[in-house]
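One structure is given here, and the rest of the page talks about it.
The values are calculated or read from the model by the stated rules, or taken from the named source; none is laboratory data. Here the structure is a predicted model, which means the values were calculated and not measured. Cβ placement follows ideal geometry from the backbone for every residue including glycine, while neighbour counts extend to all protein chains displayed. Note: areas computed on protein heavy atoms with side chains; ligands, DNA, RNA excluded. Shrake-Rupley method; radii C 1.70, N 1.55, O 1.52, S 1.80 Å.
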Amino acid sequence: QVQLVESGGGLVQTGGSLTLSCETSGSSFRANYMGWYRQAPGKLRELVAIMSRGSSTNYADSVKGRFTVSRDIVKNTAYLKMNSLKPEDTAVYYCYADESFTGRQFWGPGTQVTVSS
């Protein structure tokens, strides 16, 4: 059973920084893509940043230059470093991973990020 667990969310002022972490369980799990999505109240879930196993990345235009996604392949862990946070970054952030060879997709339960103005 593969599970993803996020940590690092919280309340921060405009211009502040947070780092989210996502740990996976399941010793045989081999992630292909790992990354982050977010969902603000009343809005659809959207891609924030994602990294392939080969380290290629994709970012939402709204976070380019402010957020950095990274991962530890051996530990099956992903990170999201968020700088220069804005109130519009307020959302529940979800970790995402898909499994190499099977394509199965997994989601974490989410962690709240709130940016105060």
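When the solvent-accessible area of the chain is split by element, carbon and sulfur atoms take up 48 percent of it, the probe being 1.4 Å.
Using Cα pairs closer than 8 Å and at least 6 residues apart in sequence, work out the relative contact order for the chain, in percent. So the answer I get is 37 percent. Classify the chain as rounded, prolate or oblate from the Cα gyration tensor: take a ≥ b ≥ c as the square roots of its eigenvalues, call it rounded if a/c is under 1.5, otherwise prolate when a/b beats b/c and oblate if not. Prolate is the answer for the chain, as a/c is 1.5 or above and a/b outweighs b/c. For segment 96-112, putting each phi into the Karplus relation 6.51 cos²θ - 1.76 cosθ + 1.60 with θ = phi - 60° gives couplings of 10, 8, 10, 8, 4, 6, 9, x, 4, 10, 9, 10, x, x, x, 9, 7 Hz, in residue order, rounded to whole numbers and with x for Gly and Pro. The calculated FRET efficiency for the pair Ser28 and Thr57, based on their C-beta separation and a Förster distance of 22 Å, comes to about 0.30. With K and R counted +1 and D and E -1, the other residues having a Cβ less than 13 Å from that of Pro109 yield a net charge of -2.
Partners of Lys43 within straight-line reach, counting lysines whose Cα lies under 28 Å from its Cα and excluding those fewer than 8 residues away in the same chain: Lys64, Lys81, Lys86. In the context of the full set of protein chains, segment 30-117 has a per residue accessible area of 52 Å² (1.4 Å probe).
Once backbone amide H atoms are built at 1.01 Å from N, Gly16 has Leu85 as its partners under 5 Å, excluding neighbours fewer than 5 places away on the same chain. In segment 1-32, whose amide N lies under 17 Å from the spot 7 Å out along Cα-to-Cβ of Ala40? List them in ranges. Residues 10-16 qualify, since their backbone N sits under 17 Å from the label point.
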